[in-house]
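S.K.: Have a look at this one.
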Amino acid sequence: MTTNDAVAYRINKLLKEKNITLYRLEQKSGIYHGAMDRIMKGKNYTVTLCSLFKIAIGFNMSILEFLYDEIFCPDGLELE
């Protein structure tokens with residue numbers, strides 16, 4: 001699994017947990033629809049730290065809270 005895949009998975013999980021739409025997350029985070037679409041469809045090879053901060057802000061959490069999920073365990077990620 002790539003880091004982008006892990007981020008998309010975590011976003012989907014939090015959208016369900018917090019009962020918000022992807023469109024609302026885009027508005028709250030300030031990430032353009034095209035950029036979010038590429039993340040969610042796995043068309044990005046990497047996600048920038050800046051984007052992760054914005055996504056976390058959109059969920060009203062810190063970046064550490066966003067990354068606190070076993071999906072980000074290095075054993076299952078392709079790190080290059």
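S.K.: Given the structure, is ASN44 on the phi < 0 side of the Ramachandran plot, crowded, with 16+ Cβ neighbours inside 10 Å and not in a helix (DSSP H, G or I)?
M.R.: The answer is yes for ASN44.
S.K.: Has the range 50-70 got at least one residue that is within 11 Å of the chain's Cα centre (by Cα), part of a loop (DSSP other than H, G, I, E, B) and either of a type in the set (A, V, I, L, M, F, W, C) or crowded, with 17+ Cβ neighbours inside 10 Å (or both)?
M.R.: For the range 50-70, residues within 11 Å of the chain's Cα centre (by Cα), part of a loop (DSSP other than H, G, I, E, B) and either of a type in the set (A, V, I, L, M, F, W, C) or crowded, with 17+ Cβ neighbours inside 10 Å (or both): present.
S.K.: Right, next: In the range 25-38, which residues are touching a helix residue (DSSP H, G or I) at 6+ places or on another chain (Cβ under 6 Å), crowded, with 16+ Cβ neighbours inside 10 Å and not in a loop (DSSP other than H, G, I, E, B)?
M.R.: LEU25, GLU26, SER29, MET36, listed by residue number.
S.K.: Something else: Count, please, the residues in the range 52-80 that happen to be within 11 Å of ILE11 (Cβ to Cβ) and either in contact with a Gly (Cβ under 9 Å, 6 or more places away or on another chain) or at pLDDT 95 or above (or both).
M.R.: Going through the range 52-80 one residue at a time, the tally reaches 6.
S.K.: Turning to a different aspect of this structure: Give me the pairs, please: first residue somewhere in the range 61-73 and under 10 Å from ALA6 (Cα atoms), second residue anywhere and of a type in the set (Lys, Arg) and part of a helix (DSSP H, G or I), beta-carbon distance under 9 Å, and either six or more positions apart or on two chains.
M.R.: LEU67/ARG10; ASP69/ARG10; ASP69/LYS13; ILE71/ARG10; ILE71/LYS13; PHE72/ARG10
S.K.: Say whether the condition of being surrounded by 18 or more Cβ atoms within 10 Å (Cβ to Cβ) and assigned to a helix (DSSP H, G or I) is met by at least one residue in the range 11-24.
M.R.: Yes, the range 11-24 has at least one match.
The values are calculated or read from the model by the stated rules, or taken from the named source; none is laboratory data. Owing to the predicted nature of the structure, the values given are computational and were not obtained by experimental measurement. Note that we place each Cβ from the backbone using ideal geometry, even for glycine, and neighbour counts take in every protein chain shown.
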